[in-house]
Every structure is written in C-alpha cells, then in structure tokens.
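Participant: Can you keep this structure in mind? I'll have questions shortly.
The values are calculated or read from the model by the stated rules, or taken from the named source; none is laboratory data. Source: prediction; values computed, not measured. Every residue, glycine as well, gets a Cβ built from its backbone with ideal geometry; the counts of neighbours run over all protein chains shown. When the accessible area is computed, the model is the full protein with side chains, heavy atoms only, and any ligands, DNA or RNA have been set aside. Shrake-Rupley method; radii C 1.70, N 1.55, O 1.52, S 1.80 Å.
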Amino acid sequence: MDEKKKLCIGIVVAILASGLISYGLSSGSLRKNKKVSNVINSVVSDEAQYNLEVEERKIADRYIPLDITELKKNLKIEDNKMEEIKNSKGEIIGNKEYKKSGEIVITNLSKGKIVSTETIEKEKDKKYQGKATIEYTDGTKQNYSYKNGVKEGKAEIVFSNGDREEYKYENGVPVGEAVYYFFNGDREEYRYENGKLNGDAKYIYKNGKEEIYKYVNGERK
C-alpha cells in the first residue's frame, strides 16, 4: 500500500473515532441531566405532597352579631340606673343617672336640648347630700352643697367671662353678705334677704374708689 492510501485510511479512522467519542460524551451528559432533572422533579413533587399543608377550602359561616345584653350578663357588667324627669304635663324635662360611685348626674333639658348638667355627691333616703356642681352650656359653673335635699352653706358662681360671686344658702335660698368680683379687678359688696338683694351695698373700684347705694327688693336705688 502506498503512502497516499495509508494517509487517507488514517484520516477516515480519525474522523470515525472522533464521532464515537463525541456521541459518548453527549449521551452521558444527557443521561446526567436527565438524572438531575428527575431528582429536582422528585423534590418538587415531595414538597407539594407533604410540606405545603394546603387546607380544604371552606365556605364562611353566616355572620351573627354580638348579643350585647348577653355579653354584659356574662361579664357581670351593669348599666347605671337611669330615669326620666317629667313635668306636670308629662313632658320630659331631664334625665337622672345614678352612678356606681354613688354620684347622681341630672341632665336638664329644654325643648329637647341640654341646658345644664348637675352632679351631686350622693343621695340618702331619697334626699340629696353633700357637694354639688351645676354646669350650664354657656360656660357658667355653680358650686354649692346639699343637706337633707336642701341647698345649704357657702356657694359660688363662676361666669364664663371670668366674673365670680361668693354667697351662702340657708334653707335653699341665698341670704346674708355676698361679694361679686369683676374680671377687671372691681368688686361689689351687698346682702341677700330671702333670695333678693336688699339693704346697703358698696361698689369698690380697682383703684380704691368707693360708691355707696342701696338695693330694695333686688333693685338698686
């Protein structure tokens, strides 16, 4: 065999060998990838089957509102006692609330609107007792005391503009000496008789100047 033929046969053999090697490597790679793919699929399948814990879908129960009365009963919650105050015509003129602390709160109404709220320390034998305060919607506030259901002793009114009056009650009516303090520093001294201004009175200006006069049945003379 001459050299030329040997060269040709060598080239053919080399090409065939190269093809076989390439095929082998490719097949191995495919098998390897297929094996990895199978492992991944197996893991995913296991996760879906054992670890996701997907609950069965359920229809929501019908909404039932809370029974407040029953809830308060179970929790032993008691509402404050309330009662309406009516006039001789049967019209509601106020509401009375009895607090658990013993206080009584009276809300006074006029044509359905609140005009004042009175807070009384306590009630005994259906008679008001102790300190009391009434607040009006215009900002005026009055402090006084009850004794056996009747206003008695020192009292004070504080007006929304800063003015203030000090006086006292006897058997539910203002009596005796009283002083009215004006927000500007002036003051007026006078006397109550049976709830009306009567007798000598004096106006003292901030600068010390005084003015003397009288009241007769509530009128200045």
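Participant: Can you check what the Kirkwood hydrodynamic radius comes to for the range 90-191, Cα pairs only, in Å to one decimal?
Facilitator: 14.9
Participant: A further question follows. At each listed q (0.14, 0.18 Å⁻¹), what is the log10 of I(q)/I(0) that the Debye formula gives for the range 178-221 modelled as equal alpha-carbon point scatterers?
Facilitator: These q points yield log10 I(q)/I(0) values of -0.31, -0.50.
Participant: To the nearest 10 square angstrom, what accessible area does Asp138 show with a 1.4 Å probe?
Facilitator: Using a 1.4 Å probe on the heavy atoms, I get roughly 100 Å².
Participant: Same structure again: Which whole-Hz couplings ³J(HN,Hα) result when phi for each residue of the range 163-169 is put into the Karplus expression 6.51 cos²θ - 1.76 cosθ + 1.60, θ = phi - 60°, listed in order with x for Gly and Pro?
Facilitator: So the Karplus estimates, Gly and Pro as x, are 5, 8, 10, 10, 7, 8, 10 Hz.
Participant: Same structure again: In whole Hz and in residue order, list the ³J(HN,Hα) couplings for the range 183-189 that follow from phi through the Karplus curve 6.51 cos²θ - 1.76 cosθ + 1.60, θ = phi - 60°; x for Gly and Pro.
Facilitator: So the Karplus estimates, Gly and Pro as x, are 5, 8, x, 6, 8, 10, 10 Hz.
Participant: Still on this model: Lys and Arg at +1, Asp and Glu at -1: add these up for the other residues within a Cβ distance under 13 Å of Tyr181 and post the number.
Facilitator: Counting the neighbours of Tyr181, the net charge comes to -4.
Participant: Residue farthest toward the positive end of the dipole of the range 93-221, with Cβ of Lys/Arg at +1 and Asp/Glu at -1: which of Asn108, Tyr98, Tyr144?
Facilitator: Tyr98
Participant: Average projected area of the Cα convex hull of the range 148-188, in nm²?
Facilitator: 3.2
Participant: Taking H as built 1.01 Å from N, whose amide H comes closer than 5 Å to the amide H of Thr140, not counting residues under 5 places away?
Facilitator: Ser160
Participant: Taking the Cα centre of the range 109-216 as origin, work out the dipole magnitude from +1 charges on Lys and Arg Cβ and -1 charges on Asp and Glu Cβ, in debye rounded to 20.
Facilitator: It works out to roughly 360 debye.
Participant: So which of Lys96/Lys131; Lys131/Lys206; Lys89/Lys131; Lys86/Lys168 end up more than 26 Å apart by C-alpha?
Facilitator: Lys131/Lys206; Lys89/Lys131; Lys86/Lys168
Participant: Could you compute how fast the range 137-221 diffuses translationally, taking Rh as the Kirkwood radius over C-alpha pairs and applying Stokes-Einstein at 37 °C with viscosity 0.692 mPa s? Give it in µm² per second.
Facilitator: Rounded, D is 241 µm²/s.
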